[in-house]
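A.B. asks: One structure is given below, represented as structure tokens, and several questions about it will come after.
Please treat every number below as a calculation from the coordinates, not as lab data. Keep in mind that this is a model prediction, so the values were computed, not measured. As a convention, Cβ positions derive from the backbone with ideal geometry for all residues, glycine included, and neighbour counts pool all protein chains shown.
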Amino acid sequence: MQMQARHGGFSLDAREYFETVRSAVRARGMCMARIDRMRAAEGVKGASLSAMPTGGGTSDPMAKTDARMDYEAQALRELAQYDAEVADGMAVCAGVRTAHPSLRWGYVLEMRYCQDMLWDAIAAQLGVTRQQAQRDAYSAMDWVDAVGIAAARSGCGQAALPLL
């Protein structure tokens, strides 16, 4: 019987699961980039010798800092969720490596979905063609679907099925 990961009440196959992990990596990066942009927009303001504000409207010099701090507080919860999803993906990849130590499967999955690397970069790093890296990933995901994500995570799937 095939076991699948549950995400938000829905069962996911391996491809959907790993795409969810990859989305978490990207969302985490976007969240961190936004915080960096907000920090840069705050800038370092020099102290003014004038007690009177210049300009036509009311201005709160701390408004940008307050907005960034509010966003960071909200982002911490999101970042924790993204980190948990990526950590689980890394655990599944480690289990795939444990179950298949002679294959590149776990490495390809980790580089593509947990590190969001491009196929050409993965192929170059592993010394294989882009097509071989893709075949390795798809074979690994077929195997994960066959044994279930929980068994793959624990590295126990090897005993359950022969190589596909």
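A.B. asks: Which distance in nm do the two modelled labels at D142 and R34 give, with both placed 7 Å along the Cα-to-Cβ direction?
C.D. replies: Each label point lies 7 Å from its Cα, and together they span 4.0 nm.
A.B. asks: Same structure, new question: Estimate the FRET efficiency between A121 and R26 by the formula 1/(1 + (r/R0)^6), using the beta-carbon distance for r and 22 Å for R0, to the nearest 0.05.
C.D. replies: Working from the Cβ atoms, E equals 0.90.
A.B. asks: Please give, to one decimal in nm, the separation of the simple spin-label points placed at Y71 and R135, each 7 Å out from Cα toward the Cβ.
C.D. replies: My value for the distance between the label points is 4.6 nm.
A.B. asks: Checking the a/c ratio against 1.5 first, then a/b against b/c, what shape does the Cα gyration tensor give for region 79-164?
C.D. replies: Details: a/c = 2.16, a/b = 1.08, b/c = 2.00.
Cα axes put region 79-164 in the oblate bin.
A.B. asks: What is the sum of charges, Lys and Arg at +1 and Asp and Glu at -1, for the other residues whose Cβ falls under 14 Å from the Cβ of Q125?
C.D. replies: -1
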